[in-house]
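K.L.:
Here it is, the structure, as structure tokens.
The values are calculated or read from the model by the stated rules, or taken from the named source; none is laboratory data. Predicted model only: the values in this text are computed from it and were never measured. Methodologically, a virtual Cβ is constructed for each residue, glycine included, from the backbone with ideal geometry; neighbour enumeration extends over all protein chains shown. The protein model used for the area step is the full one, side chains on, heavy atoms only, and it has no ligands, DNA or RNA in it. Shrake-Rupley method; radii C 1.70, N 1.55, O 1.52, S 1.80 Å.
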Amino acid sequence: MIQRKFDNRAAIQVDFLVIGSGAAGLYVASKLQPHGRVALVSKGPTSDANTWFAQGGIAGVLSSQDSIECHVQDTLAAGAGLCREHVVREVVARGSEIIRELIAIGTRFDTHEGKLHLTREGGHSQRRIAHAQDATGRAIAEALQLQLRPSLIRLTGYTAIDLITSHHIGNYAGPNQCLGAYFLAPDGQVVSVASRFTILATGGAGKVYLYTSNPHGASGDGIAMAWRAGCPVVNMEFIQFHPTCLFHRDGSNLLLSEALRGEGAHIVDAHGRRFTFDYDERGELAPRDIVARAIDHEMKKQGVDCMYLDARHLGEQRINRQFPNIRKRLLELGLDLVSSTIPIVPAAHYTCGGIDTDVAGHTAIEHLYAIGETAHSGLHGANRLASNSLLECLVMADFCAKSILAQTPPPIPHVPAWDDSGVEPEVERIAIKQNWDEIRSLMSHYVGIVRSNERLRRAKRRLLMIQNEIADHFWRHPVSRDLIELRNLALVAGLIIRSAQMRHESRGLHYSTDYPYSLEEPRDTVLIPDTSDELDCH
Ligand code: FAD
Ligand code: SIN
């Protein structure tokens, strides 16, 4: 068992600890850096974050045909009754200002005749998506990285293991406070970072599923760490499946941007039939939950492994201009958007639920904030509107920085060092891989686009066994990145199952064959740590 000693030897002491270097982390770090020592920590390079892979763009009210009210109403409609309306209004109102700031710091959005070129995506009633070809996230991240000053402490390759809180170190006098976090460093040592303020910007949990558009690191670490530290989580059952991910054995996580459909691409079956209009009059541009369920339903009905995206009629010139990176990746796999239809399947894409916060990222723990995809601010409700996520990351980061800077800072805390003397040799990687594969497979089969009471029960039974094994590995062996992620993945899977079991209706992204209707009064699913359930959440 790991013994934790209290010895004041924090390896690093900072004013602001930012965990995660996607859009949310980069932006909040850039806002905080003039005001103190910032450590910006991430498991991998910025190119290994969801932000880097964002294709379609960032939503904002940028044309005279559009209005804030219209963007608000589209967001509320997609959210199916569960958006927090004041949050939607605050975020949407900041859209155009944030995009202008991004332009001012060097983000090169596409233009047409001297104006921003705006594309369209599902659920948006207007063209309002600013984009940098089909690699918007990367363009934003690169511009934000250039804002970081040399004085900022950049710790890349450091994996956060757990938050350090006053309650965890036995100080129960007063409310629970965050004091920093433990990290596994690239050399295998565990270092502690003590901080006045800690900000989780750790992204989503797409890796809980077998098919996902997310890069490897999206294992829900922030949600798991915050839960273990005592933060409630909200609406974890709402996992967004993107309708059009490539179906291919060598490139299964390549996304085919919704902007392709926004520009006119069709979804067809193997016979070339456009079937999405059978499910919704908006066809391919209905919100994602509807389009993903339509594809899933047709695949099951026709007994096939995939459907197809047909963009041939957009023409080579337009495809090269707007979607050069997607075309290039496909060509590397022997597929061409210009001349053939592309096999697609829905894949886990976005975690709508997360750590319970307000729009500035306040959590239930003092001096701990959560922003971006790891948080549940209430913007997305039961289903996120396309391209609202990058916007949320930046608006939350801005509000978060302002809220922190308005406070009298607490003293830099003393934190105990991590001590794993006495643990046994490292757990065999094969055992970790096996558990990891089992979780992703059971979540995909039983807790995917269509759920039922029986499927959720099965998932829960199987997950319980795996969780017990992981708990044993974690406490008996030295930590490794794989083991840290596996522990978090299992916890988050448990939170998703538990939340899905609590929702006795179908709404937004959660569809149950046992409850195919929506209840009259929409309610959030709120899970609070230490409330009893057999699924291990520690
Ligand atoms: P991320 O960008 O995912 O960053 C998370 C960071 O946390 C990473 O740096 C990671 O290394 C770090 N981290 C995680 N765990 C740990 C740990 N334990 N220790 C240390 N560091 C850790 N949204 C839009 O609005 N428009 C789009 O066009 C769009 N397209 C998308 C396309 C794809 C393929 C994907 C996957 C998502 C897309 N999204 C889009 C969603 C959007 O990109 C994400 O929701 C958003 O970028 C999340 O940003 P973030 O800063 O919260 O997290
Ligand atoms: C896409 O480009 O289809 C992704 C947009 C998003 O997830 O917001």
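K.L.:
Considering region 102-115 alone, what residues qualify as being part of a loop (DSSP other than H, G, I, E, B) and either away from ligand 2 (no atom under 16 Å from the Cβ) or among the β-branched types (Val, Ile, Thr) (or both)? Walk me through how you get there before you give the answer.
P.N.:
Of region 102-115, the ones part of a loop (DSSP other than H, G, I, E, B) are 105-110, 113-114.
Scanning region 102-115 gives ILE105, GLY106, THR107, ARG108, GLU113, GLY114.
K.L.:
Another question about this same structure. Among (1) of a type in the set (A, V, I, L, M, F, W, C); (2) open to solvent by 10 Å² or more (accessible area, probe 1.4 Å); (3) touching a residue at least 40 places away in the same chain (Cβ under 8 Å), where does ALA406 come up short?
P.N.:
For ALA406, the exception is condition (3).
K.L.:
Restricting to region 161-211, name every residue that is on the phi > 0 side of the Ramachandran plot and more than 16 Å from ligand 2 (Cβ to nearest atom). Write out each step before concluding.
P.N.:
Of region 161-211, the ones on the phi > 0 side of the Ramachandran plot are 170, 174, 180, 188, 203.
Within region 161-211, GLY170, GLY174, GLY180, GLY188 qualify.
K.L.:
Also: Among helices (runs of 4 or more DSSP H) lying entirely in region 427-503, which contain 3 or more residues that are among the hydroxyl-bearing types (Ser, Thr, Tyr)? Outline the logic, then answer.
P.N.:
Details: elements: 429-446, 453-476, 481-502.
Counting at least 3 such residues, we get 429-446.
K.L.:
Out of (1) among the polar types (S, T, N, Q); (2) in contact with a Lys or Arg (Cβ under 9 Å, 6 or more places away or on another chain); (3) open to solvent by 40 Å² or more (accessible area, probe 1.4 Å), what's the single condition that is false for SER512?
P.N.:
It is condition (3) that SER512 fails.
K.L.:
From the list ARG249, ARG196, ARG228, which residue is part of a loop (DSSP other than H, G, I, E, B) and open to solvent by 10 Å² or more (accessible area, probe 1.4 Å)?
P.N.:
Numbers: ARG196 fails: part of a loop (DSSP other than H, G, I, E, B); ARG228 fails: part of a loop (DSSP other than H, G, I, E, B).
Among ARG249, ARG196, ARG228, only ARG249 is part of a loop (DSSP other than H, G, I, E, B) and open to solvent by 10 Å² or more (accessible area, probe 1.4 Å).
K.L.:
Identify the single condition in (1) without any contact (Cβ under 8 Å) to a residue 12 or more places away in the chain; (2) within 22 Å of HIS242 (Cα to Cα) that GLU520 does not satisfy, given that it satisfies every other one.
P.N.:
Evaluating GLU520 over (1) without any contact (Cβ under 8 Å) to a residue 12 or more places away in the chain; (2) within 22 Å of HIS242 (Cα to Cα) leaves (2) as the failure.
K.L.:
A further question follows. State yes or no: is PHE241 open to solvent by 10 Å² or more (accessible area, probe 1.4 Å) and either within 15 Å of ligand 1 (Cβ to nearest atom) or over 30 Å from GLU505 (Cβ atoms) (or both)? Break it down into steps so the answer makes sense when it comes.
P.N.:
Numbers: open to solvent by 10 Å² or more (accessible area, probe 1.4 Å): yes; either within 15 Å of ligand 1 (Cβ to nearest atom) or over 30 Å from GLU505 (Cβ atoms) (or both): yes.
Spelling it out, PHE241 is indeed open to solvent by 10 Å² or more (accessible area, probe 1.4 Å) and either within 15 Å of ligand 1 (Cβ to nearest atom) or over 30 Å from GLU505 (Cβ atoms) (or both).
K.L.:
Could you give every pair whose Cβ atoms fall below 9 Å, whose first residue belongs to region 374-392 and is more than 14 Å from THR75 (Cα to Cα), and whose second residue is more than 9 Å from ligand 1 (Cβ to nearest atom) and of a type in the set (D, E, K, R), counting only separations of at least 6 or pairs across chains?
P.N.:
As it stands, the answer is ALA375/ASP356; HIS376/ASP356; HIS376/ASP524, since those pairs meet every condition given.
K.L.:
Scan ALA259, ALA265, ALA294 and give me the residue that is modelled with pLDDT under 95, crowded, with 18+ Cβ neighbours inside 10 Å and of a type in the set (A, V, I, L, M).
P.N.:
Details: ALA265 fails: modelled with pLDDT under 95; ALA294 fails: modelled with pLDDT under 95.
Of ALA259, ALA265, ALA294, the one residue that is modelled with pLDDT under 95, crowded, with 18+ Cβ neighbours inside 10 Å and of a type in the set (A, V, I, L, M) is ALA259.
K.L.:
Separate question: For ILE365, are the conditions met, namely being over 22 Å from GLN73 (Cβ atoms) and crowded, with 24+ Cβ neighbours inside 10 Å?
P.N.:
Judged against the criteria, ILE365 is not a match.
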